[in-house]
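Here the structure comes first, spelled out in structure tokens, and everything after it is commentary.
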Amino acid sequence: MLSMWICYTMKRMLKDCTKNYKWILLAIISATYFLAQGSRQIFNAVLPQIKADFAGAGLTDAQLGLVGSAFTLVFGVAIPFGGVIADFFSRKWMIVIGTSLFSVGIFCSGFAAGVGMLIVAYGVVNAAGQALLPPANSSLIGQFHVKTRATAFSIYQIVIYAGIVVCSCVSGYLAGLGAGGWRKAFMAFGALGAVWVVALALLLSDTPQVRGGGSGEGATEDKASVREALGAVMCKPSALLLMAGLGFYFYAKYSFNTWIIAYLQREFLDVTAASAAFHAVFWFYLGATVGVFLGGWISDRFAASRPQVRFDVNIAGIFLCVLGLLLTALAPSAVLCIFGTAVFGFASGVYDSNIYASLFEVVKPRYRAAAVGVFGCGGSVIGASGPAVLGWMNAHFSMSAGLASLSVFALAGAAAIGIARIFFFERDRES
């Protein structure tokens, strides 16, 4: 009863703080995705221990990579449905249901007896739940943060980074405790997610979708049909090229994140599980935090006089990813390898700061949630095979060669966004 009274009181306080509601809403959404993105990282952090526990089954790197690829593929296929639903139904309950699903998937992953159950629990149930969150989250942020859009998305992104670092470190520590330690990581964060579902249901208020043609923060607009929403995205060459760039970036980043912890442990034998989990994500996301702030500030500072600056920031960030990937893959020591991860993280942060802000430059506000769904679907499907392919390359070539090959995909992503910027931005831009 006491906890319900506290939640009720907090909800009343949130309603009274109308002037600051956009920041309060951002805090709730960011906390939710802190847990969601952090939970995703558990598998990457404990991957070597999972392989050791399942050693008797002859589990290969390619099979383990399939777990990450399954997650990315299911996430990509499901996210358009989340986008369409977010444009027509309660975004509050989308967030609540999505959080419930991924918490169940994460918790059940701790009971997996083989790679098949991991694919189902982590790769399917977890991914389906997480696919419901980005469209609703980004739509709400885009609706309430107009002049502060890139800054709000940057804060949102930094909270995500913090969740990944915290979950990775805790998971790496638990995995290092001995046999079965990786299971405790899944169970603990799954249970935490279930508790947060209750808080979301009590604290998060329904917010009306944009209607009435207003252009201010929190303004509303008439709902669009599903056909109109999808057509508004698919008919824009710049949006499709942004999606291709995202897909190439996802291929590189998802592959990198899946295998970098294992790479540190295998390539530099003095690196422990807990140390690898810490260094692989802390320095990456420290660099990403600097990059996301810098990218968000530059784009917000110059967007009024130079609308294409958000595309320019995207190009610069993804192009710098090439340098970070090569530094990591070719480093002769653990210290230089970790430095490479920090450079890659900085470049990713610069790119991440304007992923959705760039898309929103060429898509009408009323279609934003649907746009995020289609955008995320295309990007995830293009990048889904990366973790499994890199696992296959580990066995047939080397992990170093596999990581270096990711730079080619980053370069392709920069080229796709560059084409959109040069040839289609002015035609497709929405005021």
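Some points to look at:
- Looking only at the range 82-138, and only at residues there that are aromatic (Phe, Trp, Tyr) and over 18 Å from residue 29 (Cα atoms), the one that is surrounded by the most Cβ atoms within 10 Å (Cβ to Cβ): 122
- Filter result (at pLDDT below 90, in a helix (DSSP H, G or I) and more than 16 Å from residue 410 (Cβ to Cβ)) within the range 336-363: 356, 357, 358, 359, 360, 361
- Residue in the range 5-28 that is modelled with pLDDT of 80 or more and closer than 22 Å to residue 128 by Cα present: yes
- Test for residue 119: is it part of a helix (DSSP H, G or I) and either out of contact with any Gly (no Cβ under 9 Å at 6 or more places or on another chain) or at pLDDT below 85 (or both): yes
- Look at the range 278-292: where a residue is surrounded by fewer than 24 Cβ atoms within 10 Å (Cβ to Cβ) and a partner is assigned to a helix (DSSP H, G or I) and at pLDDT below 85, sitting 6+ places away or on another chain with Cβ atoms under 7 Å, you get 278/169; 278/172; 282/165; 289/158; 289/161.
- Any chance residue 300 is charged (D, E, K, R), in contact with a helix residue (DSSP H, G or I) (Cβ under 6 Å, 6 or more places away or on another chain), in contact (Cβ under 8 Å) with a residue 24 or more places away in the chain and buried (at least 24 other Cβ atoms within 10 Å of the Cβ): no
- Residue 427 at pLDDT 90 or above, part of a helix (DSSP H, G or I) and basic (Lys, Arg): no
- Test: residue in the range 303-314 that is surrounded by 19 or more Cβ atoms within 10 Å (Cβ to Cβ), within 27 Å of residue 69 (Cα to Cα) and either at pLDDT below 95 or within 17 Å of the chain's Cα centre (by Cα) (or both): yes
- Top-ranked residue in the range 176-203 [being among the aliphatic types (A, V, I, L, M), within 20 Å of residue 123 (Cα to Cα) and touching a residue at least 60 places away in the same chain (Cβ under 8 Å); ranked as surrounded by the most Cβ atoms within 10 Å (Cβ to Cβ)]: 185
The values are calculated or read from the model by the stated rules, or taken from the named source; none is laboratory data. Remember, predicted model here, so these are calculated numbers, not experimental data. For neighbour counting, all protein chains shown are included, and Cβ atoms are generated from backbone atoms with ideal geometry for every residue, glycine included.
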